[in-house]
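The values are calculated or read from the model by the stated rules, or taken from the named source; none is laboratory data. Because the structure is predicted, anything quoted here is derived from the model rather than measured. Reconstructed Cβ throughout: ideal geometry from the backbone, glycine too, with neighbour counts over all protein chains shown.
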């Protein structure tokens, strides 16, 4: 079976995905990541350091974007990949963290395919670049960036 031309995917917009920053996730993440700033501990400590409430470590932001994107697309429909027999992996990620994010905050991940190009190593593969923004409930952008996915042919 021949893989359809993935360059035809450029411009594809994925459905928006909602992500709520769960306190349990942050409680699990903070000690593992060895994040020690008081603002990451609880609301009172965050207020004592100048924040209105508990913030998440900036190092947690890539997780939000990865999970959001993985919830937004379907490998077979959106990248022409039969995940039962094909292989895909993460490539590069770039992320700009524009403001502190708060525990309990509801975010929306917006994403689209901005580029697809072919490369060859031991075998041919496509690189699909996905651009994204993460907005808060007011619509303000909190995170923006891009991720690439390597999809073997």
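Overview of values
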{"read-out": "Pairs with Cβ under 8 Å, 6+ apart, first in the stretch 1-13 and without any contact (Cβ under 8 Å) to a residue 60 or more places away in the chain and on the phi > 0 side of the Ramachandran plot, second surrounded by 10 or more Cβ atoms within 10 Å (Cβ to Cβ) and assigned to a helix (DSSP H, G or I)", "value": "none"}
{"read-out": "Residue 69 modelled with pLDDT under 95, surrounded by 15 or more Cβ atoms within 10 Å (Cβ to Cβ) and under 16 Å from residue 3 (Cβ atoms)", "value": "no"}
{"read-out": "Restricting the stretch 121-153 to residues that are in contact with a strand residue (DSSP E or B) (Cβ under 7 Å, 6 or more places away or on another chain) and exposed (fewer than 15 other Cβ atoms within 10 Å of the Cβ), the residue that is nearest to residue 106 (Cα to Cα)", "value": "137"}
{"read-out": "Search result, residues across the stretch 81-97 that are within 17 Å of residue 126 (Cα to Cα) and touching a strand residue (DSSP E or B) at 6+ places or on another chain (Cβ under 8 Å)", "value": "81, 86, 87, 88, 89, 90, 91, 92, 93"}
{"read-out": "Residue satisfying condition, being touching a helix residue (DSSP H, G or I) at 6+ places or on another chain (Cβ under 6 Å) and free of Cβ contacts under 8 Å to residues at least 60 places away in the same chain, within set 47, 54, 77", "value": "54"}
{"read-out": "Which listed residue, of 41, 20, is modelled with pLDDT of 95 or more and either within 29 Å of residue 79 (Cβ to Cβ) or touching a helix residue (DSSP H, G or I) at 6+ places or on another chain (Cβ under 8 Å) (or both)", "value": "20"}
